[in-house]
Amino acid sequence: MSSTPVIALEDVRKIYPLLSGDVHALDGVSLTIEKGEFVAIMGPSGSGKSTLMNQIGCLDVPTEGTVRIEGQDIGTLSDHDLTALRRDSIGYIFQKFNLIPLLTAYENVEYPLVLRHRKYDDSGRVQALLDSVGIDSALAAHRPSELSGGQQQRVAVARALVNEPAILLCDEPTGNLDSKTSRQIMEMLADLNRQGRTVIMVTHDAATAEYANRTIQIQDGRIA
Amino acid sequence: MKKPDIIFQLSMRSVRLNLLRSVLAALGIVIGVVAIASIGMISANMTLSVTEELSATANVLVVSPDAGGGGGGFGMPGGGSGGSSDDEDDYISDDQFDDIRKAAGSSYVYYLYSESDSIETGDSKGRATIYAMDDDAMTEILTLTEGSYPSTTSQVVIGPDLVERYGIVVGSKVTIGDEDDENGQTTVRVTGILEERGMSMDISSDNGIITTEKFFTGRYGGEGEYAQVNVVVDDIDEIDAIAESIDETLNKKDDEVRVEDSSRMLDTISSTLGTITSFALAIAGISLLVAAVSIFNVMMMSVTERVREIGILRSIGTQKGEILRMFIYEAAIIGIVGAGIGAVLSLVIGYVVVFGMVGTTEYFFALDSLANIPEGMIVGALICIISGVYPAWRASNLDPIEALRAE
Ligand SMILES: Nc1ncnc2c1ncn2[C@@H]1O[C@H](COP(=O)(O)OP(=O)(O)O)[C@@H](O)[C@H]1O
Ligand SMILES: [Mg+2]
């Protein structure tokens, strides 16, 4: 048996029906990503990069075509199952960090773990992850609003990893960071990829795309 | 110690973050709960105290002339028979009294004269009900705490309310009647003080003056024309049968008399109380409605402010149901805290208003009375939670992508 690709898209179309006419945000995208790849997605603004990430990230289902995550067709899943898939199989890193403001850094990392196992962490795994991204326990007690952008993104990386996801999705992860911090975050992602994790990243920046093994160009909802 | 559910923690923190807003929203619930609980307690305390007092005379049937109007309201017998004495049907005759006696079998039957009149004692003036009955009934029915029963026309015994109000003691002089009264004024001497009887059907002696028959008919005339006849039934199980028998004997052709027992009075009182209570509850309901609107408003604000946060939560794997729960918890926290504060305030405010309105807090801690507090709490908290359902539903059904885009 040949190994199933982690991600397989087949002629995926996403159409937003608007009064001014339908928007074909994705116009027949086929794409296969194998386990352990580091893929950069590039393209001009409005070309459909985020829409593509939303399909892969199970935040949305395609209008036409199929998206398979670890062999499973997400078009057949209920909202409940899609949500569980996001929680267990996908780690997100967003441009705007997207930490939960009511929770401390530690709790932000712990949250997906608690959602999944319905109990709090007692293995020390949460703090170990935070330590590995350079957030010590004193810093981890702070709320996101008390942390710098770089620190918040480190916490977000730790959070994305806590449930051991098969896929790491990063939508412009360095878009809101200065160049030094950007490099540190990119080193971290490259490191995670070297450890065998599949990473898919949207970026504007050619230097950032250098970290990937493969770059996909998107134009008008198609792979160019 | 086990940490609470993480979804509940988020709800708690959201309430705490918007503490002032949450407190203001809870205020409506506090007021609503206090209103509901206090009104319920007033009603329960009134019913309890009236029931207790009336149960002392539960075995008494009161036979009074049927004025034809059908009777309504409280119809407190013995209280106000004055005013229509020229109506020839407005009394019970000696013949009727004999008929009642026959119909009542072995029960103790006695007649009562009564008039309302002005009284004067020392420097004070006021009004009281003047009663008279035969000597035998007086010793049978009335109990003295002090002194002796009247034996001459210038002697009376007097009820404890009057004693308290006018500072009367045994030996005091009381003048009955006004200066310009057609019957003139008569001064009598108090020879005894009656035991307190509370509210009762048969005779309101607490606020009354009991004179001899001779004095009464001498002053007001109408000998053998009784205001009311009371039947003290031996066996309470017989009371309906005896009432029926009196009714059949005396009301053969026309409705000559009305036969009532204390349960009728209790019914009248509770239905009147019920009307007042439902009116008051309607007002309490309005305050809860206002509370519901303010909770709804606060919850909608909370959802709107947290759209982006909801998007984050959903994107990293929080289920719709968990988002729903998070906002329901938030409404419930506000509701339960509001209801809790309302309960504590209900104890204090309820105690004060019950004392003010009912006159006694003897029954305040009775189950029927205190039960109004948890009832009010449950209503208040439920209204809060129900008000939170729609906002929570809205939150849980937000599209995660749209929500993430929000600023
Ligand atoms: N919810 C939506 N409704 C309507 N049009 C949308 C929606 N989301 C995205 N689009 C449109 O789809 C196209 C692709 O958008 P997007 O994937 O966000 O592009 P990118 O991330 O590459 O800048 C754009 O033209 C955008 O306006
Ligand atoms: Mg985009």
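The values are calculated or read from the model by the stated rules, or taken from the named source; none is laboratory data. All values derive from a computational prediction rather than experimental measurement. When we count neighbours, we look across all protein chains shown, and the Cβ atoms used for this are built from the backbone with ideal geometry, even at glycine. Only protein heavy atoms, including side chains, enter the accessible area calculation; ligands, DNA and RNA are left aside. Shrake-Rupley method; radii C 1.70, N 1.55, O 1.52, S 1.80 Å.
Of all the listed residues (A:Gln72, A:Gln95), the sole one being within 13 Å of ligand 1 (Cβ to nearest atom), surrounded by fewer than 20 Cβ atoms within 10 Å (Cβ to Cβ) and not small (Gly, Ala, Ser) is A:Gln95.
Just one residue in the set A:Gly65, A:Gly21, A:Gly75, A:Gly28 is of a type outside the set (A, V, I, L, M, F, W, C), part of a loop (DSSP other than H, G, I, E, B) and more than 9 Å from every other protein chain (Cβ to nearest Cβ); that residue is A:Gly21. Pick from segment B:301-325 the residues that are over 17 Å from A:Leu82 (Cα atoms), touching a residue at least 12 places away in the same chain (Cβ under 8 Å) and open to solvent by less than 40 Å² (accessible area, probe 1.4 Å): which of them is nearest to the chain's Cα centre (by Cα)? By that ranking, first place goes to B:Ser302.
State whether one or more residues within segment B:290-300 are of a type outside the set (A, V, I, L, M), part of a helix (DSSP H, G or I), within 14 Å of chain A (Cβ to nearest Cβ) and open to solvent by 10 Å² or more (accessible area, probe 1.4 Å). No: zero hits. Annotation note: Cβ proximity below 6 Å between a residue of segment A:50-69 that is within 13 Å of ligand 2 (Cβ to nearest atom) and a residue that is at pLDDT below 95 and acidic (Asp, Glu) (sequence gap 6+ or interchain) occurs for A:Met53/A:Asp171; A:Asn54/A:Asp60. Is it true that some residue in segment A:165-176 is of a type in the set (D, E, K, R), within 16 Å of ligand 2 (Cβ to nearest atom) and outside any helix (DSSP H, G or I)? Scanning segment A:165-176, I find at least one residue that is of a type in the set (D, E, K, R), within 16 Å of ligand 2 (Cβ to nearest atom) and outside any helix (DSSP H, G or I), so the answer is yes. Considering only residues that are within 16 Å of the chain's Cα centre (by Cα) and part of a loop (DSSP other than H, G, I, E, B), look in segment A:34-48 and name the one that is nearest to A:Thr208 (Cα to Cα). This residue is A:Glu37.
A:Ile135 fulfils the conditions (1) hydrophobic (A, V, I, L, M, F, W, C); (2) open to solvent by 50 Å² or more (accessible area, probe 1.4 Å); (3) part of a loop (DSSP other than H, G, I, E, B) except for a single criterion, (2). The helices (runs of 4 or more DSSP H) found wholly in segment B:332-407 and carrying at least 1 residues that are within 14 Å of chain A (Cβ to nearest Cβ) and in contact (Cβ under 8 Å) with a residue 60 or more places away in the chain occupy B:372-396, B:400-405. The set of residues in segment B:172-211 that are open to solvent by 10 Å² or more (accessible area, probe 1.4 Å) and part of a strand (DSSP E or B) comprises B:Lys173, B:Thr175, B:Thr186, B:Thr187, B:Arg189, B:Thr191, B:Ile193. Across segment A:183-224, the qualifying residues are those that are outside any strand (DSSP E or B), within 15 Å of ligand 1 (Cβ to nearest atom) and charged (D, E, K, R), and the one among them that is farthest from the other protein chains (Cβ to nearest Cβ) is A:Asp205.
For the structure I just gave you, tell me whether A:Lys49 is of a type in the set (D, E, K, R), within 15 Å of ligand 1 (Cβ to nearest atom), closer than 25 Å to A:Met186 by Cα and surrounded by 15 or more Cβ atoms within 10 Å (Cβ to Cβ). Yes: the conditions hold for A:Lys49. Candidates B:Ile385, B:Ile373: the one that is more than 21 Å from A:Leu103 (Cα to Cα) and surrounded by fewer than 21 Cβ atoms within 10 Å (Cβ to Cβ) is B:Ile385. If the condition is being within 16 Å of ligand 1 (Cβ to nearest atom) and within 12 Å of the chain's Cα centre (by Cα), then segment A:153-182 contributes A:Leu169, A:Cys170, A:Asp171, A:Glu172, A:Pro173.
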